Amino acid sequence: MSDGTTVRPIPSDLLTLNIGPAHPATHGTLRLQVQLDGETIVNSGCEIGYLHRGFEKQCETVYYQFVIPYAERLNYMGPVHNSNAWCHACEQFLAVEPPPRAQALRVITSEMGRIIDHAVCIGTNLVDLGALTNFWYMYNYREKVYDLYEELCGARMMVNYPRIGGVSLDAPDGWLEKCVKIIDEMQEAVGEVRTLIERNRIFMDRTVGAGVVTRELALSHSITGPVARAAGVAYDVRKAHPYWGYDKYTFEVPTAEGGDTYDRTIVRFHEMYESCKIIKQAIASIPGGPVMVDDHLVALPEKDKVYNTMEGLINHFKLIMHGIQPPRGELYSATEGGNGELGYYIISDGGPKPWRVRIRPPCFANYSVFPKIIQGKMVSDAIAALGSINIIAGELDR
Amino acid sequence: MIERDIMAKVQARFGAKVLATYEFRGQCAVTVAPADLRAVLCWMRDDAEIATDWLMDVGGVDYLGYPDDDDRGWRYEVVYQLRSASHGHRFRVKAAVGEADPVVPSVWDLWAVANWMEREVWDLFGVRFSGHPNLRRIMCHDQFEGHALRKDYPINKRQKLSIPAENLLCEKVEWA
Amino acid sequence: MGLENQVDGIPVIATRLDEVINWGRKYSLWPMPYGTACCAIEFMGVVSSRFDVSRFGAELVRFSPRQADLLLVMGTITQKMAPVLKQIYDQMPDPKWVVSMGACASSGGFYDNYSVVQGIDELIPVDVYVAGCPPRPENVIGAIVKIQEKISRESIRNWR
């Protein structure tokens, strides 16, 4: 110092701190152990598996069509996408193409799932940062989407809507118009919340530069979804390997360069906006016709055929009792879930139950990078970064 | 490049080292011995036409009791799902792992994401990965005995964790 | 509530101690949401504007077990998580009540496999079970009302 005295570093011990597995900021059952020097994270490590529900083993014990409810409970923030994706994987396996109307309904429900997934992700992340208001705003729209689901198939959250070969029910009268109305309102609400935080001084101070996932990290950790896109990796399964007619719709894949918490939040806002656009296009161009494929080896017959015809009754009995029986083989099918590439790798032995189902959960890869991005940061940065990566324990641990 | 061409190219390069090839619904895979796995994966990653530089997933399979399958000379397979970021194609490489000494070389130094995924395969199938820095259980708790996704593990055989939570939380996890 | 009277011009209520304490307890439950899975998302719906659990006096969500008297277990409890749940229950001060929300917490749900605890009553005592996978928010509010009814039947002599 200028007066001649020297500054000695204050000796400090490293403090080991557990965050989780039952900590409010971990949104479920993650556990993070950090070693702190003051408030700076020197070392960190993650422990997962607290919600390992044995999904993959459970799938081996049930018929293909009965995996649908299990699949829905993987990413419970936007449940319907997982079951849509499972049915898509089975259809690819069986080489069955669902009718165009069913594909459009899947696009609509899946994109709604993406919107409510991002809405709650942004909302809870902001709660962690101390901004509770946004959560109420966002959750109101989640409730409205729940209403739409309820009208469509009778359930709020775990809808169990798709079937292998199509979807279980057609949209009721007036449902599509109602969708458009709610999507319009939602677009407006998303814009409002965005204006609340986009240039908000406090929010930016907390999030810019916090938890940076660089492009190199994203590639070496196979990160997909909004986290990768915020780091400049413009990979989206909907564009790269289109399914359900996504190539017919015009939409952007929003990207950013910084890869920090702020960019991830803004990318999610853009994605919600793009999803609204896709839903509107899908509704505007929805074709008529059936919603289930006409194949008695895959689809249950209509109820009046079951009650009034012999063939219908037999087909129904065979499908329920003996299941769908795909050929021997193995197949990997990927779709774009809420957090990135959701892959199902199915191996069949020719019987009605899958021999092996392996999930490629987007969260698993996304979370594995987490200890690296919080090194040298403060605990509060780690909490902000954790919320923006959006780890869903159901999908992470399966 | 379609997957069949990739398969032909890998076969042409590695010849008899490719133990089996596989095609279903346009998706192709090759099976190699664990000793050749790293060479195959590295070559495919560095080849300009194939360039499978993304490792999307690592998973295990247990073929114990797979019907009509007597000529398969191994019990487990470790499956690597690859994708090329530049070309956009996918490919699958499988390592054939025998029952007696299930060991596969780790690829965590090539793809950082393999670290956790290999731990999961070890936890659920009991396939070891040589050269892995921290081969611990990841899904099941540390007192768990056996490997849950093996076909000979009964699905509802539950194992209680008897450590009180205070001790549990003092355990060191791996530092990244 | 009891006998109302005026003593020297001051309004006085004569009642039993149990009555007044239970009245206070049941309308100021502080829940500790122990959310592990899907049911926790539905609980967000319970506290959000549409269902608004504050109408029943239970909106002050505490994430520290030491400050809570109602443990809401929401979601699947795995063998790996079981000791943690037990410890959280032990950390809560008396009097305390437990709601097991959803099929997984109540019975293991449709996860009858190697890693899932088949109902949290293997670990801790449960007061109210809520059916559903996940239960609707109305159902959770119903459980809170059930807890309130239970509290009003209790006596302070039974708690340590």
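The values are calculated or read from the model by the stated rules, or taken from the named source; none is laboratory data. Being a predicted model, the structure only gives us computed values, none of them experimental. Don't worry about glycine lacking a Cβ; one is built from the backbone with ideal geometry, like all the others, and counts go over all protein chains shown.
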Residues in region A:326-335: is at least one more than 30 Å from A:Ile48 (Cα to Cα) and more than 9 Å from chain B (Cβ to nearest Cβ)?
-> yes
Of the conditions (1) surrounded by fewer than 14 Cβ atoms within 10 Å (Cβ to Cβ); (2) in contact with a helix residue (DSSP H, G or I) (Cβ under 9 Å, 6 or more places away or on another chain); (3) away from every other protein chain (no Cβ under 14 Å), the single one that B:Gly88 does not satisfy is (3)
The residue that is farthest from the other protein chains (Cβ to nearest Cβ), considering only those in region A:149-182 that are touching a Ser or Thr at 6+ places or on another chain (Cβ under 9 Å) and in a helix (DSSP H, G or I), is A:Leu152
Selection from region A:24-57 of residues more than 11 Å from chain B (Cβ to nearest Cβ) and more than 20 Å from the chain's Cα centre (by Cα) yields A:Pro24, A:Leu36, A:Asp37, A:Gly38, A:Glu39, A:Thr40
Could you please give the count of residues in region B:21-40 that are of a type outside the set (Asp, Glu), under 24 Å from A:Ser348 (Cβ atoms) and either touching a helix residue (DSSP H, G or I) at 6+ places or on another chain (Cβ under 9 Å) or loosely packed, with under 14 Cβ neighbours inside 10 Å (or both)?
-> 10
In region A:75-116, how many residues are among the acidic types (Asp, Glu) and either touching a Gly at 6+ places or on another chain (Cβ under 8 Å) or within 19 Å of A:Glu330 (Cα to Cα) (or both)?
-> 2
What's the number of the condition C:Ile144 fails, among (1) farther than 21 Å from C:Ala37 by Cβ; (2) away from chain A (no Cβ under 14 Å); (3) in a helix (DSSP H, G or I)?
-> (1)
Go through (1) within 17 Å of the chain's Cα centre (by Cα); (2) assigned to a helix (DSSP H, G or I) one by one and return the number of the condition A:Tyr235 breaks.
-> (2)
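Each row is one residue, and each column tells you yes or no for (1) under 28 Å from B:Val18 (Cβ atoms); (2) within 10 Å of the chain's Cα centre (by Cα); (3) touching a residue at least 12 places away in the same chain (Cβ under 8 Å).
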position: B:Val104; (1), (2), (3): yes, yes, yes
position: B:Met139; (1), (2), (3): no, no, yes
position: B:Gln143; (1), (2), (3): no, no, yes
position: B:Lys151; (1), (2), (3): yes, no, yes
Of A:Tyr262, A:Tyr307, which residue is in a helix (DSSP H, G or I) and surrounded by fewer than 18 Cβ atoms within 10 Å (Cβ to Cβ)?
-> A:Tyr307
Would a scan of region A:74-81 turn up a residue that is assigned to a strand (DSSP E or B) and not hydroxyl-bearing (Ser, Thr, Tyr)?
-> no
Top-ranked residue in region A:82-97 [being within 25 Å of A:Ile116 (Cα to Cα) and away from chain C (no Cβ under 14 Å); ranked as surrounded by the fewest Cβ atoms within 10 Å (Cβ to Cβ)] = A:His88
What single numbered condition from (1) over 18 Å from the mean Cα position of the chain (by Cα); (2) closer than 23 Å to A:Ala385 by Cα; (3) of a type in the set (D, E, K, R); (4) in a helix (DSSP H, G or I) fails to hold for A:Arg229?
-> (1)
Taking the condition under 18 Å from the mean Cα position of the chain (by Cα) and surrounded by fewer than 18 Cβ atoms within 10 Å (Cβ to Cβ), does A:Pro162 pass?
-> no
Which of the residues that make up region A:192-206 are closer than 21 Å to A:Ser380 by Cβ and assigned to a helix (DSSP H, G or I)?
-> A:Leu196, A:Ile197, A:Arg201, A:Ile202, A:Phe203, A:Met204, A:Asp205, A:Arg206
Applying the selection to region C:134-151, what residues are polar (S, T, N, Q) and touching a residue at least 24 places away in the same chain (Cβ under 8 Å)?
-> C:Gln148
Mind listing whichever residues of region C:92-122 are among the hydrophobic types (A, V, I, L, M, F, W, C), at the interface with another protein chain (Cβ under 10 Å from one of its Cβ atoms) and either buried (at least 19 other Cβ atoms within 10 Å of the Cβ) or in a strand (DSSP E or B) (or both)?
-> C:Cys104, C:Val116, C:Val117
When you go through (1) of a type outside the set (S, T, N, Q); (2) outside any helix (DSSP H, G or I); (3) touching a His at 6+ places or on another chain (Cβ under 6 Å) one by one for A:Arg268, which number turns out not to apply?
-> (2)
Any residue in region B:111-118 that is touching a Pro at 6+ places or on another chain (Cβ under 9 Å) and assigned to a helix (DSSP H, G or I)?
-> yes
Look at A:Tyr149 and say whether it is closer than 23 Å to A:Pro69 by Cβ, touching a strand residue (DSSP E or B) at 6+ places or on another chain (Cβ under 9 Å) and among the aromatic types (Phe, Trp, Tyr).
-> no
Candidate set from region A:207-218 (those that are in a helix (DSSP H, G or I) and surrounded by fewer than 21 Cβ atoms within 10 Å (Cβ to Cβ)); member that is nearest to the other protein chains (Cβ to nearest Cβ) | A:Leu217
If you check every pair at least six apart or on different chains, which have Cβ atoms under 6 Å apart with a residue in region A:246-257 that is part of a helix (DSSP H, G or I) first and a residue that is crowded, with 16+ Cβ neighbours inside 10 Å second?
-> A:Tyr246/A:Arg238
Taking into account only those residues within region A:24-57 that are in a loop (DSSP other than H, G, I, E, B) and surrounded by fewer than 20 Cβ atoms within 10 Å (Cβ to Cβ), which is modelled with the highest pLDDT?
-> A:Glu39
Residues being surrounded by 24 or more Cβ atoms within 10 Å (Cβ to Cβ) and at the interface with chain C (Cβ under 7 Å from one of its Cβ atoms): count how many of those fall in region A:58-76.
-> 2
Are any of the residues in region A:253-269 under 17 Å from A:Glu336 (Cβ atoms) and out of contact with any Lys or Arg (no Cβ under 9 Å at 6 or more places or on another chain)?
-> yes
